[in-house]
Amino acid sequence: MLVGIGAFELGNAAATLLILRATDLLTPSHGHGAAVKLALALYAGYNLAATLVAVPAGHLSDRRGSVLVLALGAAAFAGAFAGFAFVNGRITALAVLFATAGVGIGVCETAQSAAVAGFAPVQLRGSAFGLVSAIQAFANLAASAIAGVLWTAISPKVAFLYLAGWSAVALGAFAATGLRGTSI
């Protein structure tokens, strides 16, 4: 389980990269000022999607288990980030990708907590929450730093494919955890 959470978080770069990508893609057709405003509106859609899916994701986790929900979130992230690698400057395409990424984060943030509560032994549950928080913090920092270097040194496409790759690794790890049914 921790391998999957770690891999997911290594693909969970700062949302500012999404805003920057949208701004870069929208600037040629809308001008920089309008592109920034549109990118921020798209980011608001990302947050709205995350908010709207969190409670249903919790219900699904209660009924079907947190591993399934984590896998769905990782799949959403992988699809969204792969899409950000290849998307053009169309607002509708960007809106779908922002919403998909929002669903991915809303689902996974909900299910990660449920997974810790469900998989960690009672006597280690507090420590498990602390360990997961540490993994999230360090992996998010690494994801943003590495994606930023890839963006600058090579291209935004490579940066988003890198993030999508980690999400795919997380999906595989969650699938393996679901098959084994092991503890955290």
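The values are calculated or read from the model by the stated rules, or taken from the named source; none is laboratory data. As the structure is a computational prediction, the values presented were derived from the model and not from experiment. Using ideal geometry, Cβ is built from the backbone for each residue, glycine included, and neighbour counts are taken over all protein chains shown.
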Query - Residues (of a type in the set (A, V, I, L, M) and surrounded by fewer than 13 Cβ atoms within 10 Å (Cβ to Cβ)) located in segment 41-69 - result: Ala44, Val55
Query raised in the report: Just to be sure, is Ser133 small (Gly, Ala, Ser) and closer than 16 Å to Ile5 by Cα?
Result: yes
Query - Residue identified as at pLDDT 95 or above, surrounded by fewer than 18 Cβ atoms within 10 Å (Cβ to Cβ) and hydroxyl-bearing (Ser, Thr, Tyr) among Thr23, Thr27 - result: Thr27
Query raised in the report: Has segment 101-108 got any residue that is touching a Leu at 6+ places or on another chain (Cβ under 8 Å), among the aliphatic types (A, V, I, L, M) and within 16 Å of Ala7 (Cβ to Cβ)?
Result: yes
Query raised in the report: Residue check, Thr152 against (1) without any contact (Cβ under 8 Å) to a residue 12 or more places away in the chain; (2) more than 15 Å from Leu17 (Cα to Cα), all met but one. Which one?
Result: (2)
Query raised in the report: Of the residues that make up segment 164-174, is at least one buried (at least 16 other Cβ atoms within 10 Å of the Cβ), small (Gly, Ala, Ser) and in contact with a Leu (Cβ under 7 Å, 6 or more places away or on another chain)?
Result: no
Requested in this report: Residues that are modelled with pLDDT of 95 or more and more than 15 Å from the chain's Cα centre (by Cα): find the helices (runs of 4 or more DSSP H) completely inside segment 52-161 holding 3 or more of those.
Outcome: 91-119, 125-153
Requested in this report: Assess whether Gly165 counts as being without any contact (Cβ under 8 Å) to a residue 60 or more places away in the chain, under 18 Å from Ala75 (Cα atoms), in a helix (DSSP H, G or I) and not β-branched (Val, Ile, Thr).
Outcome: no
